[in-house]
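Shown next, in structure tokens, is the structure this report addresses.
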Amino acid sequence: MIEGNITRVTLDPNNPSKGKTDWERVDAMTEEEIHAAALSDPDAQPVAPEELEEFKPVTDAKSYSERERK
């Protein structure tokens with residue numbers, strides 16, 4: 001991992017940001033509406049079962065990342 005590629009963010013506990021999500025609107029949506037909204041997002045398309053088979057499980061991410069640094 002290259003240190004220059006890491007973005008660090010410090011949150012201000014006195015000014016908590018809840019982002020731009022309208023949670024009241026989300027809470028009012030049905031499961032079908034949520035599913036349709038998710039499918040309409042081009043950056044969040046579902047993964048096909050064949051694609052899932054290509055993923056490799058990482059059971060212990062912390063030790064994996066520590067091992068990669070050495």
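The values are calculated or read from the model by the stated rules, or taken from the named source; none is laboratory data. For clarity, every value in this text was computed on a predicted model and none was experimentally measured. Quick reminder, even Gly has a Cβ in these numbers, built from the backbone with ideal geometry, and neighbours come from all protein chains shown.
In the condition set (1) outside any loop (DSSP other than H, G, I, E, B); (2) exposed (fewer than 10 other Cβ atoms within 10 Å of the Cβ); (3) at pLDDT 80 or above; (4) within 18 Å of the chain's Cα centre (by Cα), K62 is compliant with all but (3). Residues of region 23-43 that are loosely packed, with under 10 Cβ neighbours inside 10 Å and either within 26 Å of K62 (Cα to Cα) or among the charged types (D, E, K, R) (or both): E24, R25, D27, E31, E32, D41, D43.
All conditions in (1) modelled with pLDDT under 85; (2) surrounded by 10 or more Cβ atoms within 10 Å (Cβ to Cβ); (3) of a type in the set (V, I, T) hold for V9, with the sole exception of (2).
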